[in-house]
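Comments concern the structure below.
The values are calculated or read from the model by the stated rules, or taken from the named source; none is laboratory data. Note that this is a predicted model, so its numbers are computed, not measured. Backbone-built Cβ (ideal geometry, glycine too); neighbour counts: all protein chains shown. These accessible areas exclude ligands, DNA and RNA; they are computed on the full protein's heavy atoms, side chains included. Shrake-Rupley method; radii C 1.70, N 1.55, O 1.52, S 1.80 Å.
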Amino acid sequence: MNKVLAIVEKDKCHPNKCQHECMKFDPLNRAKPDSGFHLGESGKAEIAKEVVTEMHKISANKCPFSAINIVKLPEKLGEEALTHRFGANSFELYGLPFIKQNIVVGILGRNGIGKSTAFKILTGELEQNLGNYKEGEKEEAVLEKYKRTLYSDYFTKLFKKELNLSYKPQRIDLLPEAYKGTVKELLEKADERKIAQALLQALHMENLQDHDIEKLSGGELQKVAIIAALSKDFDVLYLDEPASFLDITSRIQVAKLIRKYCENRSVLVIEHDLSFLDYISDEIQIVYGEPAAYGAFSQPQGVRVGLNEYIDGYIKSINMQFREYKINFDKTHIDKKVLPETMAAFPEITKSYPNFSLKVNKGELKKGEVLAIMGANGLGKTTFLKLLAGEEKPDEGKVEKLKIAYKEQYPKAGEEKVKDYLQRIAGKNYHLGWYKQNILEKLGIQNYLESHMNHISGGELQKVYIAAALSTEAEVIALDEPSAFIDVEDRLKVAEVIKEFTEKKEVSTIVVDHDVQFIDYLGDQMLVFEGESGKRGEVYGPCSKEEGMNRVLKMLDITYRKDKDSKIARINKPHSQLDKEQKGKGKYYYN
């Protein structure tokens, strides 16, 4: 079997805007025209898989749109292991997630390597073709493939419609398009187990029952989608990124509810928040591969082993080095010889609305530092940013108006091209060398500059909006949940870009996020928002990161430790010896 793939991302291939470089520089075409890269039936670049070699990297690298990727497959991934192929020179999926009774399997891997595709196959939304993308495959062929595996009984029941499945998709922002009506009406239809009301109360959502779905925030939509999924009478529950848009309090609550209401059932969870995945999972299944090229599922293993192997980039059981570097969470903090200058100071501030009030202690924003903000949703974090920007006037306290570049919590995807959008925002900065190197290249945006905003993934869209905020001439950069939809590797890259930009440009950056690992890596100082969600907010700080984290985690009654090998922030099991020891010392954040 040929072990080299040529992947052509069709949405990035623009033959009418290039000189057909992939064809002109193809070594096969020089000897015999059209024997290598050529225009296929789709009007896009194409090449027969039988003739692809690593030499085609020469012509692929000439593509001005980075639409072609030449990938060498691991030897163990033969045609017999192939689950699905999307088309000629298109993405290939190998293997599937494991389904185990009374076990929560956490699925961990990069964006674009087939995790959501696998869920669609297992739920019957997508018919697996076993590589036969032109004609598809019959159910008999699928059953024959899996007849001596754990999937035999599963697919037999799936095809006979004898399985009860519940699926919470990744794109909860599309829920208002799929369903019109109130929260109560939606949940009444889903509530086969008669537990929706209990779940609403547990997640403090009972007062939103009469609200229209289309008027909910991202976090509220996520909770409704999770409640609907749990309320169905299922044998297997599929959760695709359930932590996105949820504050840290809600993430822990959701994890506990999944545990409580999924006894004797099978649960599979795709997630990029390592702390959440660690807390909720019994086993971890790593998915490795090349984004947009191929993805392969490894065997599941214990949580600590699985997380540490993912961080190392090496799966010991199959001798697979799937990443050339280790993900390093152990950032070295260098003490600054000179104390940072103050960008701006703000006094004690109060702001009241008919149903909500906010009180902020005095504090300072420092040049070259990241001020991290944590706390439950509905406590006034966005209001605080608006007060600093002068968009809202405080009832008490005079705030020096600051020029703030703001990345909103829920980015909207328009029809504009990525390149045109960033050029419009960045202006002359877009053409500078530092911008290309430190923003576009480090965030990986240059690979989809020609794509339209509404055609890129949620993680890609997030990075575009982060780049836009960093492109704006401002004193303060404010980023609301920049980690949402971004995978583990890219979260650290994003953190590095934000941190480096903040220091070199000597701006002050405010980051609101709920991923403890992300905040730990990025933040210098902290603000902790406390109070009663939707009614009153009080701000503690600025304070040290250790003090702030301790305060947040004490409210949640959970303790964290750092894994001695991978340095991952791991949640201690409730009432464990380490949990009791840390609480006794008042050390909720790393012992």
- Task: Using just the helices of the chain, give the 222 nm mean residue ellipticity in deg cm²/dmol: DSSP H runs with n ≥ 4 each add -39,500 (n - 2.57), and the total is spread over all residues, rounded to 500.
- Result: -8500 deg cm²/dmol
- Query: By how many nm would the segment from residue 51 to residue 350 grow when fully extended, if each residue of separation counts as 0.36 nm and the alpha-carbon distance is taken off?
  - Reply: 100.7 nm
- Inverse mean reciprocal Cα-Cα distance (Kirkwood Rh) of the range 524-580, Å: 12.9
- For q = 0.17 Å⁻¹, Debye-computed log10 I/I(0) when each Cα of the range 464-591 counts as one equal scatterer: -0.99
- Query: All other residues with a Cβ under 15 Å from the Cβ of residue 53 taken together, and with Lys, Arg as +1 and Asp, Glu as -1, what is their net charge?
  - Reply: +3
- Query: Contour minus end-to-end for residue 424 and residue 34, with contour as 0.36 nm per residue of separation and end-to-end as the Cα-Cα distance?
  - Reply: 136.4 nm
- For the range 4-106, which whole-number percentage of the solvent-accessible area (1.4 Å probe, protein heavy atoms only) is attributable to carbon and sulfur atoms? 53
- Query: Rounded to the nearest 0.05, what FRET efficiency do residue 473 and residue 75 have when you use their Cβ-Cβ distance and R0 = 60 Å?
  - Reply: 0.70
- Task: Before anything else, pin down the relative contact order of the range 16-87: Cα pairs under 8 Å, at least 6 apart, normalised by residue count, whole percent.
- Result: 27
- Sum of side-chain charges, residue 479 neighbourhood, beta-carbon under 10 Å (Lys, Arg +1; Asp, Glu -1): -3
- Query: Hull surface divided by four, with the convex hull built on the Cα atoms of the range 151-272: how many nm²?
  - Reply: 7.7
- Message: Ranking request for peptides 15-25, 238-248: highest mean number of other beta-carbon atoms within 10 Å first, then the rest in descending order.
- Response: 238-248, 15-25
- Note on the structure: The FRET efficiency for residue 454 and residue 217, from their Cβ-Cβ distance with R0 = 30 Å and rounded to 0.05, is 0.90
- With Rg and the Kirkwood Rh both taken from Cα atoms, where does Rg over Rh land for the range 279-332? 0.98
- Query: At residue 148 and residue 436, where each label point lies 7 Å from the Cα along Cα→Cβ, what is the point-to-point distance in nanometres?
  - Reply: 5.5
- Query: In a shell of Cβ-Cβ distance under 12 Å around residue 539, excluding residue 539 itself, what net charge do Lys and Arg (+1) and Asp and Glu (-1) give?
  - Reply: +3
- Message: Among 377-390, 191-204, 127-140, how do they line up by average Cβ neighbours within 10 Å per residue, starting with the highest?
- Response: 377-390, 191-204, 127-140
- Can you give the accessible area of residue 501 in Å² (nearest 10), computed on protein heavy atoms with a 1.4 Å probe? 20
- Message: Can you order the peptides 211-220, 64-73 by their average number of other Cβ atoms within 10 Å per residue, highest first?
- Response: 64-73, 211-220
- Treat every Asp and Glu Cβ in the range 135-213 as -1 and every Lys and Arg Cβ as +1, leave all other atoms uncharged, and give the resulting dipole magnitude about the Cα centre to the nearest 20 debye. 360
- Note on the structure: Answer in debye to the nearest 20: the dipole magnitude of the range 399-468 about its Cα centre, from +1 Lys/Arg and -1 Asp/Glu charges placed on Cβ, is 240
- Specify the inter-centroid distance of the range 494-562 and the range 177-226, based on alpha-carbon positions, in whole Å. 29
- Query: Counting alpha carbon pairs within less than 8 Å and at least 6 residues apart, what relative contact order, in whole percent, applies to the chain?
  - Reply: 13
- By accessible area with a 1.4 Å probe, ligands and nucleic acids excluded, highest first: order of 343, 55: 55, 343
- Counting DSSP beta bridges with both partners in the range 441-588, what percentage is antiparallel, nearest 5? 65
- Note on the structure: Using a 1.4 Å probe on heavy atoms of the protein chains only, the accessible area for residue 590 in Å², nearest 10, reads 40
- Item | Normalised contact order of the range 236-378, rounded percent, pairs of Cα under 8 Å and 6 or more residues apart | 17
- Task: Using only the Cα atoms of the range 370-445, each taken as one equal point scatterer with no solvent, compute I(q) by the Debye sum, divide by I(0), and report log10 of the ratio at q = 0.16, 0.24, 0.26 Å⁻¹.
- Result: -0.86, -1.15, -1.21
- Note on the structure: Relative to the chain, whose Cα atoms define the longest principal axis, helix 303-312 and its Cα axis are tilted in degrees, nearest 10, by 80
- Rg/Rh ratio calculated on Cα atoms of the range 84-166 (Kirkwood radius): 0.95
- Which of 393/545; 44/417; 180/215 exceed 21 Å between C-alpha atoms? The answer is 393/545
- Task: Keeping every protein chain in place, order 407, 573, 499 by accessible area at 1.4 Å, biggest value first, i.e. largest first.
- Result: 573, 499, 407
- Query: In whole Å and largest first, what semi-axes does the C-alpha gyration tensor of the chain yield when each eigenvalue is scaled by 5 and square-rooted?
  - Reply: 40, 31, 23
- In the range 339-494 the accessible area split gives carbon plus sulfur, as whole percent at 1.4 Å, a share of 48
